[in-house]
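Reviewing the structure listed below.
The values are calculated or read from the model by the stated rules, or taken from the named source; none is laboratory data. Not measured: the values here are computed from a predicted model. Cβ placement follows ideal geometry from the backbone for every residue including glycine, while neighbour counts extend to all protein chains displayed. Each accessible area value is taken on the protein alone, full model and side chains, heavy atoms only, with ligands, DNA and RNA left out. Shrake-Rupley method; radii C 1.70, N 1.55, O 1.52, S 1.80 Å.
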Amino acid sequence: MDKIKETVQHDAVRVRQYIISFFKWTLIALVTGAVGGGIGAGFRYAITWATDLRTENPWLCYLLPAGGVMIAFLYRVTKLSGHADTNLIINSVRTDEKVPILLAPVIFLSTAITHLFGGSAGREGAALQLGGCIGSFIGRVVKLNEKDMPIALMCGMSGLFSALFGTPLTATVFAMEVISVGIIYYSAFLPCIVAALTAYGITYLCGLSPTAYALELVPELNVFNILMVAVLGVAAALLSILFCISLEQTHKFAAKFFRNEYLRTAVGGTAIALLTLLIGTRYNGIGGEVIASSILKGEALPYDFILKMLFTVITIGFGYKGGEIIPTFFIGATMGATLAPLLGLPASFGAAIGLVALFCAVVNCPIASIILSIELFGSRGLIFFAVALCISYMLSGYYSLYSGQKIMYSKRRARYINKQAK
């Protein structure tokens, strides 16, 4: 009888712990998502304003060197090192490394400056950094311990990613999956999805619509088309390796030969300004119109993905802020639209496959990528996306946009390797 009573008491304690944990993390995630959604909405409006102003005044692209100096000044005056980037957020989830709250306004302003003056960058880098700052700040306010703080950081990351892209499920899984490849932090599932849905709801109330495309031309599911989609997956893997190596080597080159941050960003900005003068403004900024045209109409120039990669590598490598994910969407979509007709596939369908396959290859997040394909394009053609993703994931090796990412398990066999991404 005493043993039964002890077991009942023990079970009651466990149930109470689960209930307390459930309400604790739900409340923290709601607050984090609400704050993240508000800041994310403001950030989206800021980037849209900067992009519209630059589009109406193309001459602003020639002031990019001055914008670079402004960014370098912001980081110097706030004493944020050059390592205060997305890798800091990723590393802080695994360690007790602190995320400075000052990083939030600095990355907000510096990303807006990059877009205002025509740098080729995205906005997810700012989203993850802003989210990490918010999660870290809220975690410190409520006095979370070192075991719970990583979950708060992932909460913030998923909230901001959801607010900026309008893809709450992708944001949830991406935040859980991107830290350590081969390990998903399931304990963060509830907090991340609550934060992502809350942030998504806030942006919806602010009048911001999610990103989605109607994919009309999906080929018949047969062996030939699956093989051709596999070819696109191989192309995405090879392109991802080239992109990651180019970013890393350009960053090393710029840091070695232009040690002064002001000079470095000014030189990079001048290079982009000269390229803009020669080529035009098609590859400046986010390039959302080109992405949409590739997916909806199958229209892309055969050299689009090469030139966008060049613009992005110089922009990010020389110290401008924003992120590489939306440029990755541009590069993947235009590459897919270019190669697909040569493989007997619709160009628009190839653009969609290329976009998601390249995303998967550069961030090493296959589950988040599959969910992204559904949130962006619907469930039609899901088997094709899965084929392209598994191939691009495996063949991209251990390269990544984020050097702070850890590859915990081999991509070739069930073996623990705990290897730093390249």
For A292, state whether it is part of a helix (DSSP H, G or I) and among the hydrophobic types (A, V, I, L, M, F, W, C).
-> yes
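One line per residue, one yes/no per condition, for (1) closer than 23 Å to G125 by Cβ; (2) among the acidic types (D, E); (3) under 17 Å from the mean Cα position of the chain (by Cα); (4) in a loop (DSSP other than H, G, I, E, B):
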| site | (1), (2), (3), (4) |
| --- | --- |
| I272 | yes, no, no, no |
| F305 | yes, no, no, no |
| F311 | yes, no, no, no |
| I314 | yes, no, no, no |
| G322 | yes, no, yes, yes |
| T334 | yes, no, no, no |
| L339 | no, no, no, no |
| G354 | yes, no, yes, no |
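Tell me which residues, restricted to the range 251-262, are in contact with a helix residue (DSSP H, G or I) (Cβ under 9 Å, 6 or more places away or on another chain) and either of a type in the set (D, E) or open to solvent by 30 Å² or more (accessible area, probe 1.4 Å) (or both).
Restricting attention to the range 251-262, the residues satisfying the condition of being in contact with a helix residue (DSSP H, G or I) (Cβ under 9 Å, 6 or more places away or on another chain) are 251-255, 257-258, 260-262.
Within the range 251-262, H251, K252, F253, A255, F257, F258, N260, E261, Y262 meet the criteria.
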Which members of the range 167-190 meet the condition of being assigned to a helix (DSSP H, G or I) and farther than 27 Å from I295 by Cα?
-> M176, Y186, S187, A188, F189, L190
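Open to solvent by 30 Å² or more (accessible area, probe 1.4 Å), modelled with pLDDT of 95 or more and assigned to a helix (DSSP H, G or I) - does that describe any residue in the range 395-407? Reasoning before the result, please.
As a first pass, look at the range 395-407 and keep what is open to solvent by 30 Å² or more (accessible area, probe 1.4 Å): 395, 398-399, 403, 406.
Those still in the list that are modelled with pLDDT of 95 or more too: 395.
Narrowing further to those that are assigned to a helix (DSSP H, G or I): 395.
Yes, there is a match, as at least one residue in the range 395-407 is open to solvent by 30 Å² or more (accessible area, probe 1.4 Å), modelled with pLDDT of 95 or more and assigned to a helix (DSSP H, G or I).
State all residues of the range 83-106 that are among the β-branched types (V, I, T) and either open to solvent by less than 20 Å² (accessible area, probe 1.4 Å) or at pLDDT 75 or above (or both); if no residue qualifies, say none. Outline the logic, then answer.
Our first condition is that a residue be among the β-branched types (V, I, T); within the range 83-106, this holds for 86, 89-90, 93, 95, 99, 101, 106.
The answer is T86, I89, I90, V93, V99, I101, V106.
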For I391, the lone unmet condition from (1) farther than 30 Å from F258 by Cα; (2) among the β-branched types (V, I, T); (3) surrounded by 24 or more Cβ atoms within 10 Å (Cβ to Cβ) is (3)
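Any residue at all in the range 306-327 that's touching a residue at least 12 places away in the same chain (Cβ under 8 Å), more than 30 Å from I113 (Cβ to Cβ) and not basic (K, R)?
no
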For the range 191-231, name all the residues that are assigned to a helix (DSSP H, G or I) and open to solvent by 60 Å² or more (accessible area, probe 1.4 Å).
-> L197, Y200, Y204, L205, V223, F224, L227, V231
Can you pull out the residues in the range 408-422 that are part of a strand (DSSP E or B), aliphatic (A, V, I, L, M) and in contact (Cβ under 8 Å) with a residue 40 or more places away in the chain?
-> M408
In the range 69-80, is there at least one residue being among the aliphatic types (A, V, I, L, M) and either out of contact with any helix residue (DSSP H, G or I) (no Cβ under 8 Å at 6 or more places or on another chain) or modelled with pLDDT under 90 (or both)?
-> yes
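Conditions (1) farther than 28 Å from N260 by Cα; (2) of a type in the set (S, T, N, Q); (3) touching a Phe, Trp or Tyr at 6+ places or on another chain (Cβ under 9 Å); (4) not in a helix (DSSP H, G or I), marked per residue:
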site	(1), (2), (3), (4)
Y75	no, no, no, no
K79	no, no, no, yes
F108	no, no, yes, no
G119	no, no, yes, yes
K147	yes, no, no, yes
P150	yes, no, yes, no
C155	yes, no, yes, no
S158	yes, yes, yes, no
Given the conditions (1) under 22 Å from G381 (Cβ atoms); (2) crowded, with 24+ Cβ neighbours inside 10 Å; (3) modelled with pLDDT under 95, every one holds for G322 apart from (1)
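Residue check: is L64 within 17 Å of S120 (Cβ to Cβ) and either in contact with a Ser or Thr (Cβ under 6 Å, 6 or more places away or on another chain) or not small (G, A, S) (or both)? Break it down stepwise before answering.
On the way: within 17 Å of S120 (Cβ to Cβ): yes; either in contact with a Ser or Thr (Cβ under 6 Å, 6 or more places away or on another chain) or not small (G, A, S) (or both): yes.
Taking the combined requirement at face value, the residue satisfies it.
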The residue from A266, A235 that alone is within 24 Å of the chain's Cα centre (by Cα), in contact (Cβ under 8 Å) with a residue 40 or more places away in the chain and open to solvent by 20 Å² or more (accessible area, probe 1.4 Å) is A235
Has the range 373-381 got at least one residue that is touching a helix residue (DSSP H, G or I) at 6+ places or on another chain (Cβ under 9 Å) and of a type in the set (S, T, Y)?
-> yes
Would you tally the residues in the range 373-388 being touching a Ser or Thr at 6+ places or on another chain (Cβ under 6 Å) and open to solvent by less than 10 Å² (accessible area, probe 1.4 Å)?
-> 1
Taking the range 356-378 as the region of interest, how many residues are within 11 Å of the chain's Cα centre (by Cα) and among the aromatic types (F, W, Y)?
-> 1
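State yes or no: is L355 touching a residue at least 24 places away in the same chain (Cβ under 8 Å), under 13 Å from L239 (Cβ atoms) and surrounded by fewer than 20 Cβ atoms within 10 Å (Cβ to Cβ)? Reasoning before the result, please.
Numbers: touching a residue at least 24 places away in the same chain (Cβ under 8 Å): yes; under 13 Å from L239 (Cβ atoms): yes; surrounded by fewer than 20 Cβ atoms within 10 Å (Cβ to Cβ): no.
Considered against the rule, which asks whether it is touching a residue at least 24 places away in the same chain (Cβ under 8 Å), under 13 Å from L239 (Cβ atoms) and surrounded by fewer than 20 Cβ atoms within 10 Å (Cβ to Cβ), L355 comes out as no.
Yes/no per residue for (1) within 20 Å of the chain's Cα centre (by Cα); (2) within 20 Å of Y320 (Cα to Cα):
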{"residue": "K24", "(1), (2)": "no, no"}
{"residue": "L27", "(1), (2)": "no, no"}
{"residue": "V31", "(1), (2)": "no, no"}
{"residue": "G36", "(1), (2)": "yes, no"}
{"residue": "A41", "(1), (2)": "yes, no"}
{"residue": "L53", "(1), (2)": "no, yes"}
